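Would you mind keeping the following structure in view while I ask a few things?
The values are calculated or read from the model by the stated rules, or taken from the named source; none is laboratory data. Everything numeric in this text was worked out from a predicted model, so none of it was measured. Here the Cβ positions follow ideal geometry from the backbone for every residue, glycine too, while neighbour counts run over all protein chains shown. Calculation scope for accessible area: heavy atoms of the full protein, side chains included, ligands and nucleic acids excluded. Shrake-Rupley method; radii C 1.70, N 1.55, O 1.52, S 1.80 Å.
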Amino acid sequence: MESVGLSFGGSGTEERPRSLTSAVQERLRADILATRLLPGQKLHIAGLAKQFSVSLAAVREALSRLVADGLVQASDQRGFRVSPVSLADLADVTQTRIDIEGLALRRSIERGDAGWLDAVEAAWEALQAVPYRYPDDPGVHYEEWVVRHRIFHRALVNACGSQWLLGFRDVLHEQSERYRRLALRRQTDKPRDVEAEHAAIVDAVRKRDADAAVAALARHFSVTMEFVELGAPRIAEVSGKT
């Protein structure tokens, strides 16, 4: 991971330590999710503190927060490291995501108003407006698509009425994103139409058909898992380098 500095606005002495910790946390989170920090990789507190020009305490607190999100593991003897990956964990994450996000989607369909539907439509249109991959490098995601994809899936469940449910859902989404990134560069001959999968979910949401929407969401997540499994050699390769 390249060396970068962190800058912050404001001059209040009470806010600065919290801002430093949050900035380090978000940078490390982004690097883990984008797999610039690989599964199992050791995270040296002193090295990170020097890289970000922050205190050891700020890095330690940021890593502790990421432990709570399941992105980092802590050991008394070995310190911190990026959480490892496995196909068994992938299956567990996927099924739990189907259960949690399916429940949130069902509640959103039951409770969501016209404003919620408009937000889903807007997120869906925004997602369709950008390519899934770079045309000249099909093994790499178009980064804006990744951002809009996250917004689209969050919009679907925003009307569920439970911050706890949304919080669990967000953690599972991050775990799934890490697997998808690891497997992305392994090309397969198996076709996939991601846009059609999303369209099936949106069509059911428009009709307020909760059963169909949850089924379409489950199929979408299951297909993602299948493609990640096809990239299992890629996952093993990067995990073995740490």
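Being within 21 Å of GLY167 (Cα to Cα), open to solvent by 70 Å² or more (accessible area, probe 1.4 Å) and at pLDDT below 90, is that true of even one residue in the range 88-102?
No.
Look at ALA58 and say whether it is more than 26 Å from VAL93 (Cα to Cα), among the aliphatic types (A, V, I, L, M) and either in contact with a Leu (Cβ under 7 Å, 6 or more places away or on another chain) or open to solvent by 40 Å² or more (accessible area, probe 1.4 Å) (or both).
So ALA58 fits the description; yes.
For the range 150-201, enumerate the residues that are among the hydrophobic types (A, V, I, L, M, F, W, C), crowded, with 19+ Cβ neighbours inside 10 Å and modelled with pLDDT of 85 or more.
Selection gives PHE152, ALA155, LEU156, VAL157, ALA159, CYS160, LEU172, ILE201.
For the range 71-87, which residues satisfy the criterion of being open to solvent by 30 Å² or more (accessible area, probe 1.4 Å) and in a loop (DSSP other than H, G, I, E, B)?
ASP76, GLN77, ARG78, PRO84, SER86
While we're here: Would you please list the contacts, defined by Cβ atoms under 8 Å and residues six or more apart or on different chains, that run from a residue in the range 26-49 that is closer than 11 Å to SER83 by Cα to a residue that is of a type in the set (Lys, Arg) and modelled with pLDDT of 90 or more?
Within 8 Å, the pairs are GLY40/ARG81; GLN41/ARG81; LYS42/ARG81; LEU43/ARG81.
Return the residues of the range 94-135 that are more than 24 Å from PHE227 (Cβ to Cβ), free of Cβ contacts under 8 Å to residues at least 60 places away in the same chain and of a type in the set (Asp, Glu); say none if nothing qualifies.
Those that are more than 24 Å from PHE227 (Cβ to Cβ), free of Cβ contacts under 8 Å to residues at least 60 places away in the same chain and of a type in the set (Asp, Glu): ASP113, ASP118, GLU125.
Also, I was wondering about something else. How many residues does the range 26-55 contain that are in contact with a strand residue (DSSP E or B) (Cβ under 6 Å, 6 or more places away or on another chain) and open to solvent by 20 Å² or more (accessible area, probe 1.4 Å)?
Qualifying residue count, the range 26-55: 2.
Tell me the residue from VAL82, VAL67 that is farther than 30 Å from ALA200 by Cα, in contact (Cβ under 8 Å) with a residue 60 or more places away in the chain, hydrophobic (A, V, I, L, M, F, W, C) and touching a strand residue (DSSP E or B) at 6+ places or on another chain (Cβ under 7 Å), please.
Just a single option satisfies the conditions, and that option is VAL82.
Hey, another quick one. What residue, of ARG65, ARG107, ARG97, is part of a helix (DSSP H, G or I), within 30 Å of SER19 (Cβ to Cβ) and among the charged types (D, E, K, R)?
From the options ARG65, ARG107, ARG97, the qualifying one is ARG65.
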